[in-house]
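Below: the structure, in structure tokens.
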Amino acid sequence: MLKVGLTGGIASGKSAVGEMLVALGAHLVQADRIAHELMRPGEAVYNEVVRHFGREILNRDGSVNRSKLAEVAFGPATLPEGARVTRVLELNRIVHPAVIRSQDVWLQEIGRQDPQGVAVVEAALILEAGSADHFDRLIVVTCEPEQRVARFAARQKMDLEAARKEVQRRMAAQLPEEEKIKAADYVIDNSGSVEHTRGQVREVWEKLRTEAAKV
């Protein structure tokens, strides 16, 4: 089985590319969904996150309000840059190891079910989390900065200026896109039409499927 990491900056189109790969026959898991499960009340990760970031990040029913957690972790723009980064790193130290363990368990299970398959883990912070060596191949999805802002604004139902500030704030906690591209085996440019992206995905898929057959 071929293990593939799928990553890219915020609102680059990772999920859209992941869906295209699934349509072609790939197995897919999203790190964000794993993290969501691990932050359910009663889970060890949930308890640690609440202990470090306070109960103000919770909804009335005790579940984590992800917007409030992001606000606390990334911090307002008035905070010194170092303070903002420190809080993000604090959150990552709690969440990433547990997510990576769950990803590895999933990969092992897919390997048993489909020994010549292609298993894809979609995660924004593969390189930042130091988990790139868990994969045989790395795909990085890119797009133009203004497209990123527009997509994020549409997704979060916010105005462009607010979206721009939030994207900048979150991107500051990630590796520069140029560094991700350098580490990639395949780069998919998602700045054009859906069909242009789909064509690139098909080309990459054929290469991945060929490699998987040889593993």
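What fraction of the DSSP beta bridges in the stretch 2-214 is antiparallel, stated in percent and rounded to the nearest 5? Walk me through the numbers before you get to the answer.
Details: 1 of 19 bridges.
Expressed as a percentage, antiparallel bridges in the stretch 2-214 total about 5.
Where does the chain land at 222 nm, in deg cm²/dmol rounded to the nearest 500, when only DSSP H runs of n ≥ 4 count, each adding -39500 (n - 2.57), divided by all residues?
Working: 9 runs with 123 residues, N = 215.
It lands at -18500 deg cm²/dmol.
Within the stretch 52-75, what residues put their amide N at less than 16 Å from the label point 7 Å along the Cα-to-Cβ vector of A172?
70-75
Please rank T142, T7, fewest neighbouring Cβ atoms within 10 Å first, as an exposure proxy.
Ordered from fewest to most neighbouring Cβ atoms within 10 Å, T142, T7 come out as T142, T7.
Where Lys and Arg each count +1 and Asp and Glu each count -1, what net charge lies around V167 among other residues with Cβ under 14 Å from its Cβ?
+1
Taking 7 Å along the Cα-to-C-beta vector as the label spot, tell me the E179-K68 distance in nanometres, rounded to one decimal.
Taking the simple label geometry, E179 and K68 are separated by 3.2 nm.
Mind checking which lysines have their Cα closer than 18 Å to the Cα of K214? Skip sequence neighbours fewer than 8 apart in that chain.
The reachable lysines, counting only those whose Cα sits under 18 Å from K214, are K3.
I need K182, K14 ordered by Cβ neighbour count within 10 Å, fewest first.
Listed from fewest to most nearby Cβ atoms, that is K182, K14.
Here are a few candidate values for Rg and Dmax of the Cα atoms in Å: (i) 17.7, 53; (ii) 22.4, 78; (iii) 17.9, 62. Which one was actually calculated from the structure I just gave you?
So the calculated entry is the one marked (i).
If each residue's Cβ is checked for other Cβ atoms within 10 Å, how do E43, E177 rank with the fewest at the top?
By the 10 Å Cβ count, ascending: E43, E177.
Coordinate-derived values only; no laboratory data. Remember, predicted model here, so these are calculated numbers, not experimental data. A quick note on method: Cβ atoms are made from the backbone with ideal geometry, for glycine too, and the neighbour counts reach across all protein chains shown.
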